[in-house]
Amino acid sequence: MATTVQIEQVANASERYAQRVNPEWVRLLDLLHMNVRYERCVGVELFTDDGRRILDFLSGYCVHNVGHNHPEVVRALQAELERCGPAMIQTHVADLAGELAERLCARAGGRLTKAFFCSSGSEGVEAAIKFSRAHTRRAGILCAEHAFHGLTCGALSLMSDKFWSEGFGPLLTDTAAIPFGDLGALERELKSKRFAAFIVEPIQSEAGVCVPDRDYLRTAESLCRRYGTLFVLDEVQTGMYRTGPFLAAHKFGVEPDMVVLAKALSGGLVPCGAVLMSDAVCHSVYSSLPRAFVHTSTFSENSLAMRAALATLDVLENENLGQRSVEAGKYLQAKLREALREFEMVKEVRGMGLLMGIEFREPSQLRLRIPYQAFGAVHPAMFGQIVVMRLFRDSGFLTQICGNNFRVLKVAPPLVVTEPQLDEFVEAIRDVVALAHSPGAFWSEALGLARRAFRS
Ligand SMILES: Cc1ncc(COP(=O)(O)O)c(C=O)c1O
């Protein structure tokens, strides 16, 4: 149990944050009973200052592939700080960036022979937009509906869900979104020859962990080539062995012209992003001596990020975490399917490696459908958030629903997750889902949440 001093500390920290950063964020976390103070985070485990152990089954949206504070990554960062090496001099050749680029390109293979470094996924997508335009001399960018590519203006222009862009326009104008998986729509758009790139996630994460048909990406790639459009994969969530191979592209047998990486790239401690690209694309951007620095950023290639990413690659490879992702993913998927089979509100368990989603649906039984619809009318995310809240508060699991598909619960633990931890999760989600199928506690909780949410 939390002591009075601990409760006061959380309250003070939250109050200061609310006053000076973002009061609505604090309010939302309070509402969901998720405003706890983490004291120590190791591997899959997060320890709070009131003695709780939370298992992280979200991984910061696929940041913590090697687990929280992996000792090898921590050691590499400490060593980099202690050596007093060159950092952000800006007018030197960053040797660590060269080493990291070489290793990333070797693992990515195919056409990907050069790297540009940045500090976030959004920044990587911005670079990919500019590089595609430079290479093709076309302005248009094609994307898939319900994608998530980041919240800077360019990346946001590639996201069809209006929630994210409302009030922030105007954005890029020459963009179009087509249904994910629809090759007919893709070809119709590509035929216009106005698109520099088709930018797409190989598995759409925030859209609901949507895994495409086996041949979708291969055919999309060849259509792009036919019409002179670059084929660009956003692997910000799927990359770095999350789905098994180094890139999900490898699973689908495609050779993109560019790949965007971020999140797990640097082990969850230092921001880092990368755009891997072909020689031809790189040459189109950095085409002459005067254009040697035409696209760059102050924190790009910074030594801490480069060092963290090199150490992260070592951990991923030495601990064979790609294979681990495949095996643990298979195990978890089978266990979840088995445990949730009897519940009518569970539509599907799907995913690849340790990027998984549990999709819920409206129940057919009247006694459940009425509250389900009523709470959906209050807010479409209500059902999912109660599931998330109960998993967190009652069973100690951190999860979230997908940003562009509230019916899907994302399940993406660090790749170092153990079998007993997976078993614990299966039991916890089974309990919550069972509760949702009995009228009573689950739904009265939702009513309480709705009341608190709309009390100003
Ligand atoms: C697939 C994908 N692309 C790009 C981004 C943007 O990355 P960042 O938040 O680092 O800017 C995200 C963020 O969640 C993402 O999921």
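Values in this text are rule-based calculations from the coordinates and carry no lab data. None of these values were measured; they are calculated from a predicted model. We place every Cβ from the backbone using ideal geometry, glycine too, and count neighbours over all the protein chains shown.
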Filter segment 10-55 for residues that are assigned to a loop (DSSP other than H, G, I, E, B) and within 21 Å of VAL411 (Cα to Cα); which is nearest to the chain's Cα centre (by Cα)? VAL44
Among the charged types (D, E, K, R), surrounded by 24 or more Cβ atoms within 10 Å (Cβ to Cβ) and over 27 Å from PHE406 (Cα atoms), is that true of ASP234? no
The number of residues in segment 313-357 that are within 20 Å of the chain's Cα centre (by Cα), under 30 Å from ARG75 (Cα atoms) and charged (D, E, K, R) is 1
Hey, GLY124 of a type in the set (Gly, Ala, Ser) and either under 30 Å from LEU422 (Cα atoms) or more than 24 Å from the chain's Cα centre (by Cα) (or both) or not: no
Would you pick out the residues in segment 172-196 that are under 13 Å from ALA147 (Cβ atoms) and either within 16 Å of the ligand (Cβ to nearest atom) or without any contact (Cβ under 8 Å) to a residue 12 or more places away in the chain (or both)? THR175, ALA177, PHE180
Counting just the residues of segment 42-51 that are surrounded by 17 or more Cβ atoms within 10 Å (Cβ to Cβ) and more than 21 Å from GLU317 (Cα to Cα), which one comes out farthest from the ligand (Cβ to nearest atom)? ASP49
Hey, does segment 203-219 have a residue that's more than 16 Å from the ligand (Cβ to nearest atom) and closer than 24 Å to LYS263 by Cβ? yes
Is it the case that GLY184 is in a loop (DSSP other than H, G, I, E, B) and either more than 22 Å from THR136 (Cα to Cα) or out of contact with any strand residue (DSSP E or B) (no Cβ under 7 Å at 6 or more places or on another chain) (or both)? no
Return yes when VAL200 is closer than 19 Å to SER278 by Cβ and within 14 Å of the ligand (Cβ to nearest atom) and no when it is not. yes
Under 9 Å by Cβ, and 6 or more places apart or on different chains, what pairs join a residue from segment 72-94 that is free of Cβ contacts under 8 Å to residues at least 24 places away in the same chain with one that is loosely packed, with under 15 Cβ neighbours inside 10 Å? HIS92/PRO86
Please give the number of the condition VAL408 fails out of (1) among the β-branched types (Val, Ile, Thr); (2) within 16 Å of the ligand (Cβ to nearest atom); (3) within 24 Å of ASP50 (Cα to Cα). (3)
Among the residues listed as ARG393, ARG367, ARG407, the single one being farther than 23 Å from HIS64 by Cβ and assigned to a helix (DSSP H, G or I): ARG367
Tell me which residues, restricted to segment 433-446, are touching a Phe, Trp or Tyr at 6+ places or on another chain (Cβ under 8 Å) and among the hydrophobic types (A, V, I, L, M, F, W, C). VAL433, ALA434, LEU435, ALA436, TRP443, ALA446
Of all residues making up segment 176-199, the number that are touching a Gly at 6+ places or on another chain (Cβ under 7 Å) and not hydrophobic (A, V, I, L, M, F, W, C): 2
Listed by range, helices (runs of 4 or more DSSP H) wholly within segment 63-166 having at least 2 residues that are within 16 Å of the ligand (Cβ to nearest atom) are 121-136, 153-156, 162-165
Output the number of the condition that HIS68 fails; it satisfies all remaining conditions of (1) more than 16 Å from LEU233 (Cβ to Cβ); (2) without any contact (Cβ under 8 Å) to a residue 60 or more places away in the chain. (2)
Suppose the filter is without any contact (Cβ under 8 Å) to a residue 60 or more places away in the chain and surrounded by 14 or more Cβ atoms within 10 Å (Cβ to Cβ); does GLU317 pass it? yes
State which residue pairs qualify: first residue in contact (Cβ under 8 Å) with a residue 12 or more places away in the chain and in a loop (DSSP other than H, G, I, E, B) and inside segment 229-240, second residue of a type in the set (Ser, Thr, Tyr) and more than 8 Å from the ligand (Cβ to nearest atom) in any location, beta carbons under 6 Å apart, and separation of 6 or more residues or different chains. none
Which residue out of ALA220, ALA177, ALA155 is in contact with a strand residue (DSSP E or B) (Cβ under 6 Å, 6 or more places away or on another chain) and either hydrophobic (A, V, I, L, M, F, W, C) or closer than 30 Å to ALA308 by Cα (or both)? ALA177
So ASN404 fits all but one of (1) surrounded by 18 or more Cβ atoms within 10 Å (Cβ to Cβ); (2) in contact (Cβ under 8 Å) with a residue 40 or more places away in the chain; (3) more than 27 Å from MET159 (Cβ to Cβ); what number is the exception? (3)
Selection count, segment 247-297, where residues are buried (at least 24 other Cβ atoms within 10 Å of the Cβ) and either aliphatic (A, V, I, L, M) or more than 16 Å from the ligand (Cβ to nearest atom) (or both): 16
Does ALA308 satisfy the criteria of being in contact with a Gly (Cβ under 7 Å, 6 or more places away or on another chain) and of a type outside the set (Lys, Arg)? yes
